[in-house]
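The values are calculated or read from the model by the stated rules, or taken from the named source; none is laboratory data. Treat the numbers as computed from the prediction; the structure is a model and nothing was measured. Cβ placement follows ideal geometry from the backbone for every residue including glycine, while neighbour counts extend to all protein chains displayed.
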Amino acid sequence: MRAAILHEHGAVPEVGELRDPEPDGDVVEVLAAGMNPVDIRIASGTFPLERHEPPYVAGKEGVGRRRDGSLVYFEYSRDPFGAFAERTVIVAGTGCRLPDGLDPALAVCLGVSGLAAWLSLEWRAGLRPGETVLVLGASGVVGQIGVQAAKLLGAERVVAAARSPEGLERARRLGADAVVALDGADDLAGALREAAGGDGYDVVLDPLWGEPARAALAAAKPFARIVNIGQSAGAEVSLTSAAIRSKPVDLLGYTNYTAGEERKAAAYARMADHAAAGEIAVEIERIGLDDVPDAWQRLGGSPGRKLVVVP
């Protein structure tokens, strides 16, 4: 079979031939595989939460067809078989079954990216109906899903903030009540507060950190919950003790690795039902196996759409 194979840590996957996986688990035909920044981190060989020894097939997540014809989302496959291949093997009995009619390419968007958005809001922030939510980095895939997830979870007002004008316009189409250009305001905290309606935010979904996080903190309501899931705008930010205490706010972290498999499976099923009903959409770029090396190198530039490998 054909696959995108990582031959050494830090390299770019190369497309070539690989032996078929042996049926010691569930062999699935890969219909769609999600390309994520975490794939590059894993490929570096220095990521502390997941490691594979080369050579191995790249790709952490995918949607596959089992022998009985059912479609399942999977996050993990057995070494050395990953998702960027015509076939892979997952542990028997694992995988989240897809509802009828759900596009596999959209289904894979609900995994690594979708869970980061949904569980940050539902579980870590404990979003309550009627609250006001700020989604930073709303032009990215996590942000796109975050805007829609906030509405589906009952938010009264959702504000999307991003650098990309196209991304902000897309966020409006996806349901954002207001948008803020991160590069367009001299007083970013003031612009965020105004977009919230003047009262500030109950919940902030933050994949950026850096200066946007500082501005979001200043625009937060008392007892707001700020959930950080990334550092696209900077790994560090200086915050005063008074800024935390005077609100006060909860600063929370989230990663899919610590959410637990049962919680993730239940959240995935809820999102899949919403997506099948047309209530979650994502900007998708479908690519073939031969395009994996180029897409891998573009991934670090925040393409603003989900790169989905369709073998």
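Below, the figures for the structure above:
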| read-out | value |
| --- | --- |
| Entirely in the range 17-136, the strands (runs of 3 or more DSSP E) that have 2 or more residues that are of a type in the set (A, V, I, L, M) and either within 30 Å of residue 147 (Cα to Cα) or more than 15 Å from the chain's Cα centre (by Cα) (or both) | 26-35, 71-74, 87-90, 132-136 |
| Filtered residues of the range 90-131 (kept if in contact with a strand residue (DSSP E or B) (Cβ under 6 Å, 6 or more places away or on another chain), hydroxyl-bearing (Ser, Thr, Tyr) and surrounded by fewer than 24 Cβ atoms within 10 Å (Cβ to Cβ)) | none |
| Selected residue (only one of 203, 179, 147 is β-branched (Val, Ile, Thr) and either in contact with a Ser or Thr (Cβ under 8 Å, 6 or more places away or on another chain) or in the same structural domain as residue 63 (by TED's automatic domain parsing) (or both)) | 203 |
| The one condition in (1) in contact with a helix residue (DSSP H, G or I) (Cβ under 9 Å, 6 or more places away or on another chain); (2) in contact (Cβ under 8 Å) with a residue 40 or more places away in the chain; (3) surrounded by fewer than 23 Cβ atoms within 10 Å (Cβ to Cβ) that residue 153 fails to fulfil | (2) |
| Search result, residues across the range 34-54 that are over 20 Å from residue 231 (Cα atoms) and touching a helix residue (DSSP H, G or I) at 6+ places or on another chain (Cβ under 8 Å) | 34, 51, 52 |
| Long-range neighbours under 8 Å by Cβ, at least six apart or interchain, first residue under 10 Å from residue 57 (Cα atoms) and assigned to a loop (DSSP other than H, G, I, E, B) within the range 3-16, second of a type in the set (Asp, Glu) and modelled with pLDDT of 95 or more | 7/14 |
| Strands (runs of 3 or more DSSP E) wholly inside the range 223-311 containing at least 1 residues that are closer than 25 Å to residue 127 by Cα and in contact (Cβ under 8 Å) with a residue 40 or more places away in the chain | 250-253 |
| Among (1) surrounded by 15 or more Cβ atoms within 10 Å (Cβ to Cβ); (2) under 20 Å from residue 116 (Cβ atoms) - the single one residue 292 does not satisfy | (2) |
| Which numbered condition residue 249 fails, given (1) at pLDDT 95 or above; (2) in contact with an Asp or Glu (Cβ under 9 Å, 6 or more places away or on another chain); (3) in the same structural domain as residue 117 (by TED's automatic domain parsing) | (2) |
| Options 162, 215, 219: the member that is in contact with a Phe, Trp or Tyr (Cβ under 8 Å, 6 or more places away or on another chain), buried (at least 23 other Cβ atoms within 10 Å of the Cβ) and on the phi < 0 side of the Ramachandran plot | 219 |
| Test: residue in the range 152-160 that is part of a helix (DSSP H, G or I) and either within 14 Å of residue 226 (Cβ to Cβ) or at pLDDT 95 or above (or both) | yes |
| Scan of the range 267-289 for residues that are exposed (fewer than 15 other Cβ atoms within 10 Å of the Cβ) and either out of contact with any helix residue (DSSP H, G or I) (no Cβ under 7 Å at 6 or more places or on another chain) or under 23 Å from residue 232 (Cβ atoms) (or both), ordered by number | 273, 277, 278, 288 |
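The rows are residues; the columns are (1) modelled with pLDDT under 95; (2) closer than 24 Å to residue 142 by Cβ; (3) surrounded by fewer than 22 Cβ atoms within 10 Å (Cβ to Cβ).
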position	(1), (2), (3)
19	yes, no, yes
29	no, no, yes
59	no, yes, no
62	no, yes, no
69	yes, no, yes
78	yes, no, yes
